[in-house]
Structures are given as structure tokens and as C-alpha cells.
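> Okay, handing you the structure first.
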Amino acid sequence: MNRTARAFWIGSPGHGEIRDLTLPDPAHDEVVVRSLYSGVSRGTETLVFRGGVPESQHTAMRAPFQEGDFPAPVKYGYLNVGLVEEGPAELKGRTVFSLYPHQTRFVVPASAVTVVPDSVPAARAVLAGTVETAVNALWDAAPLVGDRIAVVGGGMVGCSVAALLARFPGVRVQLVDADPARAGIAEALGVGFARPEDALDGCDLVVHASATEQGLARCLELLSPEGTVIELSWYGDRRVTLPLGEAFHSRRLVIRSSQVGTVSPRRAGRTYADRLALALDLLADPALDALVTGESGFEELPEVMPRLATGEIPALCHRVRYDADPARDHGESA
């Protein structure tokens with residue numbers, strides 16, 4: 001069988017292109033997946049698109065099914081929802097999530113796909129990778145009932161964290177962002193909103209996801225004594241300066257990193273598969289649709305990605321639409 005596909009590549013920093021390819025024949029333990037949707041996580045993917053991954057992090061930043069090397073040419077991405085066209089009987093015809101780049105059809109091991117629950121529309125399931133990051137962050141943060149919490153940075157990751165924190169009993173959650181347009185998203189997620197200068201202080205926990213040194217400095221100001229900042233931002237090749245000579249020591253503040261590449265040590269008994277399955281289950285909540293702020297067709301990516309990188313298209317998750325059979329996509333139009 002002749003299996004052809006088209007894939008989005010970063011040909012050089014700041015320049016994207018669509019390439020044709022022929023897929024290999026699948027082995028007995030592999031699946032052929034036809035993409036329904038993929039997602040562009042604006043923070044990480046646009047950094048890669050601009051060629052901003054520092055050389056020291058080239059290995060750590062590789063996506064599971066990346067082809068090529070940083071800075072370019074490289075095929076990069078990790079939010080894909082598709083339909084299994086060929087494979088084991090228990091997967092054939094199922095809608096699945098995988099950490100695959102932007103490509104119309106692909107072959108991966110059956111173990112690399114996770115079935116999307118019937119309660120989660122395929123169009124929303126593209127958020128699974130980012131919600132998985134939020135799950136890991138909260139495993140690291142270990143919030144308690146009644147905590148006063150701020151999430152500084154209303155991007156895709158920050159909003160995902162805020163959405164999950166909104167479910168904790170008795171907590172005060174405030175999304176903090178310089179963009180007043182994020183207030184509507186905060187309302188849809190069921191959390192408070194403030195600009196940085198107006199944020200409520202006295203926080204037991206602050207989650208930082210703005211990827212700015214100003215944001216991280218503000219996080220320290222918002223903490224109560226003995227409070228903790230969970231740092232989720234990825235700064236690429238930028239250096240960050242912090243006011244650690246002020247009240248940082250006297251108030252015994254903590255800054256702790258969290259990174260989705262490893263399962264939180266606080267949940268050492270859990271696997272990557274457990275974490276992703278949990279993220280997909282959590283996506284049954286329609287409030288998370290607020291995190292998808294735009295959509296375009298796959299063939300438009302070479303024109304859309306530069307606009308996402310410059311901020312001309314302001315986005316949290318930008319969804320990429322592929323041709324699909326609406327009747328098989330949880331009843332949704334593709």
C-alpha cells in the first residue's frame with residue numbers, strides 16, 4: 001500500500017515549509033494514524049521556530065518523534081489527536097492522542113498512543129500534553145485545602161494550572177497577567193484575575209509561567225513567609241536576574257523547578273502513561289475549551305507560525321485542523 005503524508009518542517013529559523021513523504025509499512029506492533037487535530041503550544045514551539053533553543057539544551061528539548069536537529073531543519077511538535085487507520089484490533093478506528101509533530105498521517109508504536117475517552121471531544125484533546133504538564137506541576141507543588149495561590153503568567157501552561165487549581169476545595173486562586181484580555185479566560189476557568197500590580201499577596205504558593213524575570217520577581221513579592229514558587233517557565237537562551245538580596249532569606253522563601261520530562265518524585269509510583277491518562281480524563285471539563293484561542297488549516301502553518309511567533313496572532317493553544325471524517329470524530333466537525 002502506498003501511504004503518503006505531508007509534514008510541517010522548520011526549514012530555517014523563522015521559516016516553515018510543508019514537505020511530502022512516504023510512510024514506511026507498519027510493523028505488527030505499530031499503528032497508522034491519520035491526524036484530526038494538532039496543537040501549537042505558543043511558548044515552546046515558537047521558541048523552537050525562532051531558533052532560540054540554546055545548544056546546551058538541544059538534547060533535553062528534543063520532542064519524542066522529532067526529526068532533524070536544532071536549530072533547523074527540524075520537524076517539531078507534541079500535541080496530536082488522530083484516528084487509528086491500521087493497527088491492533090483494540091485500537092483500529094479509535095481516536096488517540098500522541099506526542100507527534102504536525103503531520104497528516106504517521107506510523108508509531110502502538111504503545112505511543114493513548115485512547116481519548118469518549119467523554120472528551122477530539123478537538124479538545126489536543127490540550128492533553130499541556131494539561132499533563134499542569135498535573136506534574138501540581139504534583140510538585142502539593143497544594144493544600146484552603147491555600148492562597150497565584151498563577152503568574154496566563155499562557156497555555158499557566159491557564160491549565162489555574163483550571164486544575166479551581167477544582168481544589170477552599171483555595172483562593174488568582175491568575176495574574178499583564179494582558180487584561182486574560183480576564184475573560186480566567187472567568188471561564190472559574191478563577192480570579194489581576195494585573196501584576198494589583199495581585200493579592202500573602203500567598204502560600206505561587207506558580208510561575210510567564211517566562212519573564214519581572215514575573216518571577218513579582219512571584220517572590222506575592223509570597224507569605226515560608227512560601228514556595230513553582231517555576232514552570234522555559235527561558236531558552238535568556239539569563240534571568242532576581243532580587244535575592246532583599247527579603248528572600250529573612251522570609252525563608254523557596255523557588256523550586258518543575259519539568260514535565262520526568263514524573264514528579266512526589267508521585268514516584270506513577271508512570272508517564274498514568275499521568276497522560278489522568279490529563280485526558282480531566283479534559284472532560286468543557287471549561288478547558290477556553291484554552292483554545294484560534295484555529296487554522298494544516299496547509300496554512302507556514303504562514304501562521306511566523307505570526308504566532310511575533311504575537312501578531314495572540315494565542316494560548318492554536319489548533320491545527322486536518323481533513324477528517326466528521327462522523328468518526330466524536331460527532332464533531334473537523
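The values are calculated or read from the model by the stated rules, or taken from the named source; none is laboratory data. Please read these numbers as outputs of a predicted model, since none were measured by experiment. We place every Cβ from the backbone using ideal geometry, glycine too, and count neighbours over all the protein chains shown.
> As an exercise: evaluate Glu303 against (1) under 17 Å from the mean Cα position of the chain (by Cα); (2) more than 22 Å from Ser210 (Cβ to Cβ) and give the number of the one condition it does not meet.
(1)
> Regarding the stretch 26-43, can at least one residue be identified that is touching an Asp or Glu at 6+ places or on another chain (Cβ under 8 Å) and surrounded by fewer than 18 Cβ atoms within 10 Å (Cβ to Cβ)?
Within the stretch 26-43, none of the residues are touching an Asp or Glu at 6+ places or on another chain (Cβ under 8 Å) and surrounded by fewer than 18 Cβ atoms within 10 Å (Cβ to Cβ).
> Pick from the stretch 58-100 the residues that are of a type in the set (Lys, Arg) and under 22 Å from Leu276 (Cα atoms): which of them is nearest to the chain's Cα centre (by Cα)?
Arg62
> Could you pull out every one of the strands (runs of 3 or more DSSP E) wholly within the stretch 83-186 that has 3 or more residues that are more than 25 Å from Trp9 (Cα to Cα)? Let's see the steps before the verdict.
Values: elements: 95-98, 105-109, 148-152, 172-176.
Strands (runs of 3 or more DSSP E) meeting the threshold: 148-152, 172-176.
> For the stretch 95-113, what are the residues that are surrounded by fewer than 19 Cβ atoms within 10 Å (Cβ to Cβ) and out of contact with any Asp or Glu (no Cβ under 6 Å at 6 or more places or on another chain)?
Ser111, Ala112
> Examine the stretch 319-327 for a residue that is in a helix (DSSP H, G or I), at pLDDT below 95 and either assigned by TED's automatic domain parsing to the domain that holds Tyr76 or within 17 Å of Val120 (Cα to Cα) (or both), and state whether such a residue exists.
Looking for residues that are in a helix (DSSP H, G or I), at pLDDT below 95 and either assigned by TED's automatic domain parsing to the domain that holds Tyr76 or within 17 Å of Val120 (Cα to Cα) (or both), one finds at least one in the stretch 319-327, hence yes.
> Pairs only if they're at least six apart or on different chains, beta carbon under 8 angstrom, first in the stretch 15-30 and over 13 Å from Ala5 (Cβ atoms), second at pLDDT 95 or above and of a type in the set (S, T, N, Q); list them, first residue then second.
Within 8 Å, the pairs are Asp29/Ser111.
> Any idea which of Gly68, Gly39 is in contact (Cβ under 8 Å) with a residue 12 or more places away in the chain and in contact with a His (Cβ under 8 Å, 6 or more places away or on another chain)?
Gly39
Listed here are the residues, each with its yes/no results for (1) surrounded by fewer than 11 Cβ atoms within 10 Å (Cβ to Cβ); (2) touching a Phe, Trp or Tyr at 6+ places or on another chain (Cβ under 9 Å); (3) in a strand (DSSP E or B).
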site	(1), (2), (3)
Val240	no, no, no
Glu246	no, no, no
Arg256	yes, no, yes
Val263	no, yes, no
Leu276	no, yes, no
Ser296	no, no, yes
